[in-house]
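Below is one structure, written out as structure tokens; comments come after it.
The values are calculated or read from the model by the stated rules, or taken from the named source; none is laboratory data. Just so it is clear, the model here is predicted, and its values are computed rather than measured. All Cβ positions, glycine included, derive from the backbone under ideal geometry; neighbour counts span all protein chains shown. We work out accessible area using only protein heavy atoms, side chains counted, and drop any ligands, DNA or RNA first. Shrake-Rupley method; radii C 1.70, N 1.55, O 1.52, S 1.80 Å.
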Protein chains: 2
Amino acid sequence: MMAGTPLFDRITIIGAGLIGSSVARAVRRGKLAGHLALADANEEVIKEAEGLGIADSFHTSVVEAVAGSGLVILAVPVGAMASVGVAMAPGLAEGAIISDVGSVKESVFGALEPLLPAHAHLIPGHPVAGTEQSGPAAGFASLFDGRWCILTPPEGVDADALETLTAFWQGLGSTVEIMEARHHDLVLAITSHVPHLIAYNIVGTASDLEEVTRSEVIKYSAGGFRDFTRIAASDPTMWRDVFLNNKDAVLEMLGRFSEDLTALQRAIRWGDGDALFDLFTRTREIRRRIIDAGQDDAKADFGRPHED
Amino acid sequence: MMAGTPLFDRITIIGAGLIGSSVARAVRRGKLAGHLALADANEEVIKEAEGLGIADSFHTSVVEAVAGSGLVILAVPVGAMASVGVAMAPGLAEGAIISDVGSVKESVFGALEPLLPAHAHLIPGHPVAGTEQSGPAAGFASLFDGRWCILTPPEGVDADALETLTAFWQGLGSTVEIMEARHHDLVLAITSHVPHLIAYNIVGTASDLEEVTRSEVIKYSAGGFRDFTRIAASDPTMWRDVFLNNKDAVLEMLGRFSEDLTALQRAIRWGDGDALFDLFTRTREIRRRIIDAGQDDAKADFGRPHED
């Protein structure tokens with residue numbers, strides 16, 4: 001694109017939560033839109049976003065919000081994609097690119113594809129970024145900087161549309177990767193969905209104990225548990241929809257996790273210290289590679305504040 | 001104690017790793033010892049500690065290091081307590097307080113108690129603090145600030161010795177809690193040991209997949225997985241010993257965790273979104289309480305660096 005010319009005359013973001021509001025802020029930072037329209041069905045949420053001044057126009061009606069937009073980004077829970085698709089379809093501009101930020105890709109494509117006019121270009125996407133917080137105020141412009149954004153274009157995708165959407169995410173700070181939707185769902189099942197599930201699960205287990213009080217669990221959480229509570233504080237609606245919409249891959253990875261955990265349990269019961277030591281040594285190496293790849297900070301304890 | 005008078009004429013710390021070296025630094029910061037002796041059986045480690053200048057004398061012989069010390073803190077893996085006990089016993093000063101920093105308390109008492117002279121006061125302890133890093137250079141003086149230190153004195157403990165050890169940990173910045181050893185082991189099983197085990201386990205599961213490459217796991221780890229790799233980078237020897245020495249409590253808590261996970265798995269399989277949503281809402285509340293209790297930072301994503 002030419003310097004000074006925004007990538008799109010008008011962009012619409014639907015959903016003003018953590019991700020939608022971060023996309024909005026990053027669009028502005030990158031000057032990617034002549035006009036940025038932000039929509040949310042929840043009046044309180046869109047008012048909050050308006051108060052933050054993170055877009056040029058604010059809407060509760062999606063069909064009104066999408067009118068004239070060359071790009072529409074759906075930043076709503078995966079389970080809400082279909083109803084948004086139905087609502088916005090009549091208002092879509094000729095040749096508009098429709099994308100999303102959902103954590104599951106095969107089901108999003110399946111839900112939206114039959115609802116959209118033939119002239120629209122549906123290219124699902126997933127920026128692998130986020131925090132445990134929710135709502136318009138939790139967003140920030142640099143959320144996608146240096147993070148991966150995975151696009152899962154269907155077969156026969158329009159090459160120009162894919163190129164433009166790629167440029168859009170690069171303009172937001174991301175590095176774009178193209179992947180098959182099915183493979184995306186399998187990769188994310190292990191790197192994101194199952195980790196969230198077991199974090200939710202252990203926090204639930206801990207809060208149900210009779211012999212250990214809840215205040216003890218909270219007091220002594222610095223031993224490791226508190227890391228899990230951060231993940232288990234993530235948006236309940238978003239995550240419910242992820243599990244319901246990526247059932248097969250999650251169940252497959254969960255089966256493997258449980259099988260491996262049973263083997264570890266057996267090693268503990270029978271005092272097989274070598275088996276434990278070998279695993280614990282192997283996993284340390286994975287952490288090193290994540291830090292080397294720039295996917296996390298090398299600072300101890302996530303750089304939590306410590307003097308000295 | 002009077003201002004200007006150190007709590008002990010001489011303190012010995014055995015083990016110069018993350019925790020031992022942090023205790024050493026905090027002892028100096030608090031001016032708690034007239035002389036601070038630091039010992040480690042590993043010559044390289046003790047040389048590194050000496051290079052850092054974090055104590056007054058440096059030893060590879062524990063019997064030499066403990067001579068004349070009113071307080072001896074064992075900062076070695078739980079499985080090494082007995083051999084350190086045997087080695088140091090002949091050198092212990094009359095009425096010395098012997099404590100430790102191990103993550104398991106019943107087995108540490110059982111291992112040390114028969115080895116120590118009758119005049120020594122054995123009071124096991126556990127500062128609930130740490131990072132995933134290891135070695136003398138990883139330690140820092142503020143590690144225990146505002147963190148809990150749990151002491152598990154045996155029945156009939158000498159009241160003066162307990163009071164002095166309590167003042168010692170307060171001098172290191174901690175808040176001291178007294179607990180029965182068995183109960184400590186149960187509480188820590190859920191707040192620390194099982195969280196570590198499942199973190200090690202999922203990192204192991206992820207690194208063994210055929211359909212998802214290891215480089216994909218690393219690239220997309222920002223979705224949640226990377227938090228687990230931090231915990232799974234913790235010291236392998238220390239953690240092997242924790243699981244072998246807190247077998248009953250870990251197996252009990254692991255059984256509950258697996259039972260709950262099976263129920264979640266069933267909810268996913270049968271599309272029971274309400275069950276998922278209810279749990280995910282409940283767990284968010286636990287996070288809020290941990291932040292309110294000052295046990296973690298309220299900043300999103302553990303305050304990982306983000307501009308904006």
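Quick notes
- Nearest beta-carbon to the B/A symmetry axis - residue in chain B, distance in Å: B:PHE302, 2
- Spin-label model distance (nm) - A:SER215 vs A:ARG182, 7 Å beyond Cα toward Cβ: 5.5
- B:VAL27 exposes around 0 Å² of accessible area when a 1.4 Å probe is run over every protein chain in place.
- Karplus (6.51, -1.76, 1.60) ³J(HN,Hα), θ = phi - 60°, over the stretch B:111-122, in Hz, Gly and Pro reported as x: 6, 8, 3, x, 8, 8, x, 4, 6, 7, 9, 8
- Set of the stretch B:110-139 residues, backbone N closer than 14 Å to the point 7 Å along the Cα-Cβ line of B:LEU52: B:130-139
- Overall form of the stretch B:226-274 per C-alpha gyration tensor (a/c, 1.5; a/b vs b/c): oblate
- Looking at chain A, the DSSP beta bridges with both ends there are about 10 percent antiparallel.
- Relative to the Cα centre, the charge distribution of the protein assembly as shown, modelled as +1 at Lys and Arg Cβ and -1 at Asp and Glu Cβ, gives a dipole magnitude of about 600 debye.
- Signed unit charges on C-beta, dipole axis of the stretch B:129-229, positive-most listed residue B:VAL187, B:ALA129, B:GLY139: B:GLY139
- Shape call, the stretch A:153-261: gyration tensor on alpha carbons, a/c limit 1.5: prolate
- Taking a ≥ b ≥ c as the square roots of the eigenvalues of the Cα gyration tensor, the stretch B:118-198 is classed as oblate, since a/c reaches at least 1.5 and a/b does not exceed b/c.
- Here the stretch B:88-165 is assigned +1 on the Cβ of each Lys and Arg and -1 on the Cβ of each Asp and Glu. Its dipole about the Cα centre then comes out at about 240 debye.
- Angle in degrees between helix B:236-245 and the longest Cα principal axis of chain B, rounded to the nearest 10: 90
- Across peptide B:262-270, the average count of Cβ atoms from other chains found within 10 Å of a residue's Cβ is 5.
- Heavy atoms of A:LYS219 accessible to a 1.4 Å probe, total area in Å² rounded to 10: 50
- Of the GluC sites (Glu not before Pro) found in the stretch A:184-265, the ones in coil according to DSSP and having at most 10 other Cβ atoms within 10 Å of their Cβ are A:GLU210.
- Shortest-first distances to equivalent copies, position A:ALA118, nm, label 7 Å out along Cβ: 9.8
- With R₀ fixed at 51 Å, the C-beta to C-beta distance from B:ALA137 to A:VAL63 puts the FRET efficiency at about 0.25.
- Accessible surface of the stretch A:8-179, 1.4 Å probe, proportion on carbon and sulfur as whole %: 51
- Probing with 1.4 Å while keeping every protein chain in the model, the per residue accessible area of the stretch B:150-282 equals 36 Å².
- Pairs over the 28 Å Cα-Cα cut-off, from the set A:LYS47/B:LYS299; A:LYS299/B:LYS247; A:LYS299/B:LYS219; A:LYS47/A:LYS105: A:LYS299/B:LYS247; A:LYS47/A:LYS105.
- Computed over chain A: relative contact order in percent, which uses C-alpha pairs under 8 Å that are six or more apart: 15
- Shown here are the Rg and Dmax of the Cα trace of the protein assembly as shown, at 27.2, 89 Å.
- For the pair the stretch B:44-84 and the stretch B:134-188, the centres of their Cα atoms are 18 angstrom apart.
- Using the Cβ-Cβ distance between A:VAL86 and A:ARG288 with R0 set to 45 Å, the FRET efficiency from 1/(1 + (r/R0)^6) comes to roughly 0.40.
- Top of A:THR164, A:THR213, A:THR229 by mean-square fluctuation, Gaussian network on chain A, Cα under 10 Å: A:THR213
- Each 20 Å bin from zero up to the one holding the largest Cα-Cα distance in chain A carries the following percent of pairs: 29, 54, 16, 1.
- Note: relative contact order over the stretch B:8-179, using C-alpha pairs below 8 Å and six or more positions apart, is 24 percent.
- Calculated log₁₀ intensity ratio I(q)/I(0) where the Debye formula runs over C-alpha points of the stretch B:254-295, q = 0.35 Å⁻¹: -1.03
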